[in-house]
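Notes follow the structure.
What follows draws every value from the coordinates through simple rules; no lab data is involved. Worth saying up front: this structure is predicted, and the values here are computed from it rather than measured. No Cβ is skipped: glycine too gets one built from the backbone with ideal geometry, and neighbour counts run over all protein chains shown.
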């Protein structure tokens, strides 16, 4: 029992010493930051790097990176390529439909991108157009996630095959032919 109290007392003393050293270092850090800034923050946490004062005459210039081969040199925002116009999205949708019509089986998204000639940088545009086609019913998804394969949906198949207008007339002729075969011949 006495050893347990002795251990607890040692731990409490160690904790007090540790807190004392920590608080002194925080006070020193705040004093250093306070000397470069006009006001000292109320909390002992240091200011974020974006808010720290810059020496006079030095402005923050954005870092310019040279364009890598295979990437478009166009403007980029936040690591993303500019948005596509609705006409570009519609054009990409038509390319996807054409690639699926030429295929003899359902294709994975990567296979469709390869057939169209898109790079991985265009995956966002491709996924947007593919999602739009799935919502419209022009493309059907078979499977989930990595195993997903895409084929023509019901709406795309209906547009691909033009409906015959003479279908009702053919049915009427078939009924007339059947009736004439069973009717007795007068004569």
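I'd like the residue in the stretch 100-121 that is touching a strand residue (DSSP E or B) at 6+ places or on another chain (Cβ under 7 Å) and under 17 Å from residue 142 (Cβ atoms) and, out of all such residues, is surrounded by the most Cβ atoms within 10 Å (Cβ to Cβ). Working first, answer last.
As a first pass, look at the stretch 100-121 and keep what is touching a strand residue (DSSP E or B) at 6+ places or on another chain (Cβ under 7 Å): 100-101, 106-109, 112, 121.
Pick out the ones that are also under 17 Å from residue 142 (Cβ atoms) and you get 100-101, 106-109, 112.
Numbers: 100: 23, 101: 12, 106: 18, 107: 19, 108: 14, 109: 17, 112: 21.
Residue satisfying both the conditions and the ranking: 100.
Of all residues in the stretch 122-150, those that are crowded, with 16+ Cβ neighbours inside 10 Å, in contact with a helix residue (DSSP H, G or I) (Cβ under 7 Å, 6 or more places away or on another chain) and not in a loop (DSSP other than H, G, I, E, B) total 9.
Note on the stretch 99-114: residues that are assigned to a helix (DSSP H, G or I), over 15 Å from residue 145 (Cα atoms) and free of Cβ contacts under 8 Å to residues at least 12 places away in the same chain total 1.
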